[in-house]
Each structure stands twice: as structure tokens, then as C-alpha cells.
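The values are calculated or read from the model by the stated rules, or taken from the named source; none is laboratory data. From a predicted model like this one, the values you see are computed outputs, not experimental measurements. Cβ placement follows ideal geometry from the backbone for every residue including glycine, while neighbour counts extend to all protein chains displayed.
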Amino acid sequence: MVKIRLKRMGYKKNPFFRIVVIDIRSKREGAPIEELGYYNPKSKDLKLDKAKALEWVKKGAQPTDTVKYLIEKSDDEGKLIRKEAPAEKKLSKKAKAKLEAEKEAQAAAAAESEAAPAEETAQAEA
């Protein structure tokens, strides 16, 4: 049986993986049948030949869970599609209170500016 799995490379505490097609009886770092790309989990860098990977799956190769996820989340060029999470600012209590006070002041100023034209039109009509 043939599997599509990760082959660990890199040095201590800095993993780097190659995505390989390999016989299940081989070692993790054994000689692969074919290399399909690489994946760096620290920088989320992925380069994958998606067409070849899907071709191997059609032939009966079983991808591991991680490789299956990487194949699904990669685009046609073989790069990882990531959602950009909105970066929330971590503020202290004083900074949060200051922001709330500024928002309240802006809201009050907006309310006054809306009320002023209404008063002018009432005076103009009278």
C-alpha cells in the first residue's frame, strides 16, 4: 500500500517537512517513490504539486490526515490558503476607558451638530 505523508527534515525544534509518496513499510525518512512538495509549519509556507497529489489519490494512495488537510486547503498553484484573522489590540484598562470616552465625545458632538441645523431651520421659519 502507498501513502502520501510528511517526511521530517530540519533540525532540533525547527521542523520542516517534505510531502512524499512512500510505501507504508518504509521508514519515515526512507526513500520516497515521489516528492510532491514541502511544508514549513512555522512560517505556514507550502508548495505542493496538487495535480500530482490528486493523481496519486486516484491511483489509490492514502493521504494522512495532515496531508489531506494541506491538499484541501491549497490553491491550484499549490500555496496554502489562509484566512487573515483580524488583529485585536490588547489594551490596558486605562487605554480602553480613554477610547470609550473619545467615542462618547464624538457621539455627543455628532448629536449637537445634528441638532444645530434643526434649530436654525426652526428660527428661519419663524
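Any idea which of (1) at pLDDT below 80; (2) exposed (fewer than 10 other Cβ atoms within 10 Å of the Cβ) is the one K94 doesn't satisfy?
(1)
Read through the list (1) assigned by TED's automatic domain parsing to the domain that holds F16; (2) at pLDDT 80 or above; (3) at negative phi, then give the number of the only condition that A109 fails.
(1)
K47 - would you say it is among the charged types (D, E, K, R) and either in contact (Cβ under 8 Å) with a residue 40 or more places away in the chain or touching a Gly at 6+ places or on another chain (Cβ under 9 Å) (or both)?
Taking the combined requirement at face value, the residue satisfies it.
Can you tell me which residue is modelled with the highest pLDDT among those in segment 14-48 that are of a type in the set (V, I, T) and part of a loop (DSSP other than H, G, I, E, B)?
I33
May I ask you to list the residues in segment 61-72 that are under 14 Å from K47 (Cα atoms) and either in contact with a strand residue (DSSP E or B) (Cβ under 6 Å, 6 or more places away or on another chain) or of a type in the set (A, V, I, L, M) (or both)?
Within segment 61-72, V67, L70, I71 meet the criteria.
Looking at segment 49-60, which of its residues are outside any helix (DSSP H, G or I) and within 26 Å of the chain's Cα centre (by Cα)?
Once the filter is applied, which keeps residues that are outside any helix (DSSP H, G or I) and within 26 Å of the chain's Cα centre (by Cα), segment 49-60 yields only D49.
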